[in-house]
Amino acid sequence: MTLQVPQTRDGSFSPEIFKRYQRSEQAFVLALLEMVVQGVSTRKVTEITEALGETSFSKSTVSALGARLDPRIREFHERRLTASYPFVLVDALGLAVREDDRVVSKAALIATGIRDDGVREILGLEIGDSESFAA
């Protein structure tokens, strides 16, 4: 099926049925989101997309894409754990994080549960100041 999309000289026409940037590959958008999750600045993401020859994404567009993650993260943190976990492992991953215009060390604390059927499941993730009992 071929859709005829009206166009104006400056390209400003965008019907509501077509979301802006809908034609972008889903994998590319996921890569942008992954960059945001990894802490890459919105300015740097814009520079990367320009270097790849893709449509330039403004900082506000990158921020809006990142905001799409918020409900999914909230859903993950608020979900009910209904399975039985005979084994729970807690570990940390050291990270360098930008905080107040400087880079500091933080720890991503990860709790993994192993269900009765042997399947591993991430139970939770928090960012702490260090890999310590208190954190």
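Using the Cβ of Ala134 as centre and a radius below 15 Å, the other residues enclosed give a net charge of -2, where K and R count +1 and D and E count -1. Shown here for region 56-135: chymotrypsin sites (Phe, Trp or Tyr not before Pro) in loop regions (DSSP other than H, G, I, E, B) with at most 10 other Cβ atoms within 10 Å, namely Phe133. Compared with the alpha-carbon gap, the fully stretched path from Ser105 to Glu47 is longer by 18.3 nm at 0.36 nm per residue. Simple spin-label estimate for Phe87 and Ala64 gives 4.6 nm between the two label positions (7 Å along the Cα-to-Cβ direction from each Cα).
Since every read-out is calculated from the coordinates, none of them should be taken as a lab result. From a predicted model like this one, the values you see are computed outputs, not experimental measurements. Using ideal geometry, Cβ is built from the backbone for each residue, glycine included, and neighbour counts are taken over all protein chains shown.
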